[in-house]
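For reference, the structure is listed below as structure tokens.
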Amino acid sequence: MIDLSNSEIKSMVIHIIGNKMRQEGLRLSKKLTSIEDDGFKELMFRHFLKPFIKMDSLYSFTHNSNLSFNEVFMYSKDIFANLNLFYELSSNIARHLYESSTHPRIKNGEFFMLYISNCRIEGNTTDAIGLFKAETKETFLKVTENGEAFNIRAEEGISINRLDKGCLIFNIADEDGYRVAVIDNQNKTSEEAKYWKDQFLSVSSVQNSDTVTEIYMELCTKAIENTYPSENAGEKLDRKSRALKYFSSNEVFNLDHFAEEVLDKNESVLNGFSKLKTETEVKDEINLPETFDISQRAVNKSNNRTKNIIRLDKTFDIYIKGQPSSALRNLERSYDPERNMNVYKLYFHEEK
């Protein structure tokens, strides 16, 4: 988990990055941006750093042939070794971002580079380099005084409540490509979205117990959802509950043991699970182990997001509290041929 509660922004520089395919060019700042005002620092913290708090998923820099050819990694390494190079190398990183902005739909915008001290991550206190790009503008109204009257005009600016693209590069595990936290809230599913993480940064997911546990829990949920038809909603909830119980009550995950305890070696679910696992490994370029230490932090995070709900058309939802296995014994599903509709019958002691 990332802890930035005591972090401080030490340096900042801003450059303007255009789209290379549209030949928009880039404009480099002549000097660092002044950040002496405490109120401004607080505003910058809220916009740039707050979105990373409690983030669990981490990445590291990679390269197909040799890590030394990853430009952002090497520039970051030089900055961590000599902070006096911060401004000079920020221009190099800005140029690299411009060279990576070749998709016609990539928007131009402001590129912010920060140097941050006193960051906590993986039990270490260290410095970090922040790279951010603002691609969307919001319209706001500004009121000005003109003699005895007030005027109003529309202006465009960057919203402090939304971070488009960003990453924090932490000065730990440099031999493995550092630890990098990445945010991309723009065009997550489109082709042009890949340029920030894949082309500009060139990072891959770090396989620690948190990320592996989270990936396996998500794969299990998807496999159960895809296997059981909608009329078996109760069975779906029961399987999901058993999966969560397995992760909560075991320290070590074993795929064969999990298949037997949770999935009853159901061939359809196992085939779906295996297919999703393979697709994830190919897409994210990772190898998921069949045995690993379970992270209870990741389990708790997933548990907080999980809701046991049976959704019925657009009118009713059935919310089940506690363990679905016990609640489902008081829930019967049938069919009414006269109305040509499905029926759920609930057994309970009293209304509240």
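The values are calculated or read from the model by the stated rules, or taken from the named source; none is laboratory data. These figures come from a predicted structure and were not determined experimentally. Cβ sites come from the backbone with ideal geometry, for glycine too, and all protein chains shown count toward neighbours.
Determine whether residue 300 is modelled with pLDDT under 85 and farther than 30 Å from residue 198 by Cβ. Judged against the criteria, residue 300 is a match. Given (1) in contact with a strand residue (DSSP E or B) (Cβ under 9 Å, 6 or more places away or on another chain); (2) surrounded by 14 or more Cβ atoms within 10 Å (Cβ to Cβ); (3) farther than 24 Å from residue 173 by Cβ, identify the lone condition not met by residue 103. Here residue 103 meets the rest and fails (1).
The residues of segment 28-51 that are within 25 Å of the chain's Cα centre (by Cα) and either over 15 Å from residue 6 (Cα atoms) or touching a residue at least 60 places away in the same chain (Cβ under 8 Å) (or both), listed by number, are 43, 44, 46, 47, 48, 49, 51. Are any of the residues in segment 181-191 modelled with pLDDT under 90, more than 18 Å from the chain's Cα centre (by Cα) and farther than 20 Å from residue 286 by Cβ? No, every residue in segment 181-191 fails to be modelled with pLDDT under 90, more than 18 Å from the chain's Cα centre (by Cα) and farther than 20 Å from residue 286 by Cβ. Would it be correct to say that residue 253 is of a type in the set (A, V, I, L, M, F, W, C), assigned by TED's automatic domain parsing to the domain that holds residue 111, modelled with pLDDT of 90 or more and in contact with a Ser or Thr (Cβ under 9 Å, 6 or more places away or on another chain)? Against the criterion (of a type in the set (A, V, I, L, M, F, W, C), assigned by TED's automatic domain parsing to the domain that holds residue 111, modelled with pLDDT of 90 or more and in contact with a Ser or Thr (Cβ under 9 Å, 6 or more places away or on another chain)), residue 253 does not qualify.
Could you list, ordered by first residue, the pairs with Cβ atoms under 7 Å in which the first is in segment 331-352 and over 17 Å from residue 315 (Cβ atoms) and the second is of a type in the set (Val, Ile, Thr), at least 6 apart or interchain? Every condition considered, the pairs that remain are 334/343; 335/343.
Would you please list the contacts, defined by Cβ atoms under 7 Å and residues six or more apart or on different chains, that run from a residue in segment 88-99 that is in contact (Cβ under 8 Å) with a residue 24 or more places away in the chain to a residue that is in a helix (DSSP H, G or I) and not aromatic (Phe, Trp, Tyr)? Cβ pairs passing all conditions: 93/72; 96/71; 96/72. Can you say whether residue 20 is under 26 Å from the mean Cα position of the chain (by Cα), under 23 Å from residue 198 (Cα atoms) and at pLDDT 90 or above, as far as the supplied structure shows? No; evaluated as a whole, the condition is false for this residue. If you go through segment 63-91 and pick out every residue that is out of contact with any Leu (no Cβ under 9 Å at 6 or more places or on another chain) and either under 14 Å from residue 128 (Cα atoms) or crowded, with 16+ Cβ neighbours inside 10 Å (or both), you end up with 8.
A single member of 68, 117, 91 is under 22 Å from residue 57 (Cα atoms) and more than 22 Å from the chain's Cα centre (by Cα), and it is 117.
Here is the figure for segment 303-352: residues that are in a loop (DSSP other than H, G, I, E, B), modelled with pLDDT of 75 or more and either closer than 26 Å to residue 247 by Cα or touching a Ser or Thr at 6+ places or on another chain (Cβ under 6 Å) (or both) total 0. The residue of segment 12-62 that is surrounded by the most Cβ atoms within 10 Å (Cβ to Cβ), among those that are farther than 15 Å from residue 111 by Cα and polar (S, T, N, Q), is 60. Has segment 121-134 got at least one residue that is in contact with an Asp or Glu (Cβ under 6 Å, 6 or more places away or on another chain), more than 14 Å from residue 15 (Cβ to Cβ) and hydroxyl-bearing (Ser, Thr, Tyr)? No.
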